[in-house]
Amino acid sequence: MAECSVCAAPPATVSFSRHCLRHANRSVKVAVIGAGVSGLVAARELQRENHSVVVFEQNDVVGGNWIYDPRTESDPLGLDPNRETIHSSIYVSLRTNLPRALMSFRDFPFLRSRHDPRTFPSHEEVLRFLNLFSDRFGIRQLIRFGTRVVRVERENEEWVVESLDRSSDSVTREVFEAVVVCSGHNSIPRIAEIEGIERWKGFQMHSHNYRVPQPFRHQVVLLIGYRHSAFDIMVDISPVAKEVHVSVKDNRLDVKFENVKYHDMIKCVNEDGSISFQDGSTIFADTIIHCTGYKYSFPYLDTNGIVEVQDHCVGPLYKHIFPPTLAPWLSFIGIPTQEPIFRIAELQSMYVARVLSGKNFLPQEEEMTESIQYIYQEMEKNALPKSSCSLSLRPLQTDYKHWLAAQNGLPHLEEWWENLLIECFKKWIELPGKYKDQWDDAYWDGIIQTTSTFQI
Ligand SMILES: Cc1cc2nc3c(=O)[nH]c(=O)nc-3n(C[C@H](O)[C@H](O)[C@H](O)COP(=O)(O)OP(=O)(O)OC[C@H]3O[C@@H](n4cnc5c(N)ncnc54)[C@H](O)[C@@H]3O)c2cc1C
């Protein structure tokens, strides 16, 4: 380990953040990339620790994925690398799949507003909440709007950040001590591989480019996948479409709609353009919508191969945050996309801010690497594919949240929080399509208000 980066005190007295105890609490110049949920909360926590923060945001407003954009991409499947990309994947009818209490920050609850007081509110309500958050904590003044980061590169132990100002079309080069990546993971489509798809003459798209049901009127539509987006789209288009077919890998939910049929996974597209499924059924369809999730991508980031995306897994990342060899100068917030990200991003951001100021010590590089290996082993023991190592925190999700809270000097996450999450998952299985409107608000509001200081 090197000496203290401020006074050259000997390595033995220095934390992994390269500060001796005398120079802990140091302010670091940090670039945050993105002003969605992760970037906003990262900026707040870094500012609270007195770091000097610049947030780069390609859009002109805050909110990231929660900014509804009626436009769709020129390649509806999202495969053409030269297409102009659209960041948001939100559709008009979208309501949150989590109760608002699970989309709250520790000291800034997502309160019911007069605009939309529902427990599972619309996307507009989430965007409103993120705007309130930005105003309350003075985040906007830290953000360079309309500025896209085009390159981040390590030079002489510092990061060179190149950004493009969209209004003047000019590129600026700046140097930062630390970079926090918050650029989101719900924009680059991942599509299903289908044997014989080159024969398909119909229309294919990814749910990233789905906005409204009208284009599918009187059509036979095949949806691939059955997580939240597929389910929402099915409910959206079944009233206008002739037939909706859903190809599902697992998690078949028994929801009856007159014109909806469920199938196993797709076997192939046949010579005559029909589609066969592994259960032996065959259909003709007008449109295929791939509701098959997203790819991680950091096109601007050059780490000399240290951080890679392999098999949908971003790594190596200690605690899903720090690449051991570049810690603490490079960090990632909000990587586990299948988790309730608001609170996790908040705890991760606090941790990063504290490590940078020297309040928290990171373990030695070898220990961080061992910790990453331990997660892979636990996943293997629990028969979880390596491809889910970034998406979710399973099987160590509860330990992870408690660990993060403890690092930040906070008590364990409240019991109601975990219970609410479990209940939400149970209800999604038991009452798909209905659970959002059959939620026991009085019961859960009571539990939350009597067991914490939290309001909803
Ligand atoms: C259809 C759908 C429904 C969802 N529903 C829920 C839900 O109900 N509840 C929930 O908690 N989560 C939900 N999510 C997950 C959702 O993505 C997160 O809530 C949250 O938006 C993630 O925030 P983020 O800041 O990590 O990423 P984003 O919100 O994607 O923000 C990233 C930001 O980075 C900016 N950016 C990217 N690249 C650059 C660059 N090179 N330079 C400058 N700026 C850049 C983008 O413009 C954007 O503003 C849903 C996701 C999808 C796709």
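What to note about this one:
- For LYS242 and GLU195, the FRET efficiency from 1/(1 + (r/R0)^6), where r spans their Cβ atoms and R0 equals 30 Å, is about 0.70.
- Taking 19 Å as the straight-line reach from the Cα of LYS427, the lysines in range (excluding those fewer than 8 positions away in the same chain) are LYS256, LYS436.
- Counting only DSSP H runs of at least 4 residues, each contributing -39500 (n - 2.57), and dividing by the residue count of the chain, the helix-based mean residue ellipticity at 222 nm comes to -7500 deg cm²/dmol.
- Ranked by how many other beta carbons lie within 10 Å on average, peptides 360-371, 203-214 from highest: 203-214, 360-371
- Start at zero, step by 10 Å, and the Cα-Cα distances of region 225-298 spread as 17, 51, 26, 5, 0 percent across the bins.
- Listed residues VAL221, VAL150, VAL240 arranged by accessible area, highest first, probe 1.4 Å: VAL150, VAL240, VAL221
- Prolate/oblate/rounded label for region 130-282 (Cα gyration tensor, a/c 1.5): prolate
- Across region 204-236, the residues whose backbone nitrogen lies under 19 Å from the label position 7 Å along the beta-carbon direction of PHE425 are 226-231.
- Above-threshold pairs, the threshold being 30 Å between Cα atoms, out of LYS261/LYS295; LYS29/LYS381; LYS319/LYS381; LYS249/LYS295; LYS261/LYS401: LYS29/LYS381; LYS261/LYS401
- FRET E, pair GLN214, GLN364, Förster distance 51 Å, beta-carbon r, rounded to 0.05: 0.30
- Averaged over residues, the count of other Cβ atoms within 10 Å places the peptides 372-378, 133-139 in the sequence 133-139, 372-378, highest first.
- Charge dipole of region 217-284 about the Cα centre (unit charges at C-beta), most positive-ward option of PHE284, ILE233, HIS263: ILE233
- Against the chain, whose longest principal axis is taken from its Cα atoms, helix 441-451 shows a tilt of about 20°.
- Between helix 37-48 and the chain there is an angle of about 20 degrees, using the helix long axis and the longest principal axis of the Cα atoms.
- Size of electric dipole in the chain: Cβ of Lys, Arg +1 and of Asp, Glu -1, about Cα centre, debye, nearest 20: 940
- Taking the square roots of 5 times each eigenvalue of the Cα gyration tensor of region 295-389, largest first, gives ellipsoid semi-axes of 20, 16, 15 Å.
- Over region 254-381, relative contact order from alpha-carbon pairs under 8 Å, at least 6 apart, %: 13
- Accessible surface of the chain [probe 1.4 Å, protein heavy atoms]: carbon and sulfur percent: 49
- Extension gain for ASN270 to GLU155 (0.36 nm times residue separation, less C-alpha to C-alpha distance): 36.1 nm.
- Summing Lys and Arg as +1 and Asp and Glu as -1 over all other residues whose Cβ lies under 10 Å from the Cβ of THR451 gives a net charge of -2.
- Normalised by the number of residues in the chain, the average gap of Cα pairs under 8 Å and 6 or more apart makes the relative contact order 18 percent.
- The protection proxy used here, the mean number of other Cβ atoms lying within 10 Å of each residue, ranks peptides 70-79, 54-63 as follows, highest first: 54-63, 70-79.
- Other residues with beta-carbon under 15 Å from the beta-carbon of TYR376 carry, at +1 per Lys or Arg and -1 per Asp or Glu, a net charge of -1.
- Our summary gives region 86-190 a relative contact order of 20 percent, counting only alpha carbon pairs under 8 angstrom and 6 or more residues apart.
- Helix 123-136 and the long axis of the chain differ in direction by around 10°, with both axes built from C-alpha atoms.
- Computed log₁₀ I(q)/I(0) - Debye formula, equal Cα scatterers, no solvent, region 347-456, q 0.11, 0.14, 0.18, 0.23 Å⁻¹: -0.53, -0.81, -1.10, -1.27
- Stokes-Einstein diffusion for the chain at 37 °C, viscosity 0.692 mPa s, with a Kirkwood radius from C-alpha pairs, works out to 139 µm²/s.
- Placing dummy labels 7 Å off each Cα toward the beta-carbon, the span from ASP279 to ASP69 is 3.7 nm.
- As a calculated quantity, the FRET efficiency between THR450 and ASP135 at R0 = 41 Å, using C-beta atoms, amounts to about 0.85.
The values are calculated or read from the model by the stated rules, or taken from the named source; none is laboratory data. Nothing here was measured: the structure is a model prediction, and the numbers come from that model. With ideal geometry, Cβ positions are generated from the backbone for all residues, glycine too; neighbour counts draw on all protein chains shown. Ligands, DNA and RNA are stripped out before the accessible areas are found, and what is left, the full protein with its side chains, is counted by its heavy atoms. Shrake-Rupley method; radii C 1.70, N 1.55, O 1.52, S 1.80 Å.
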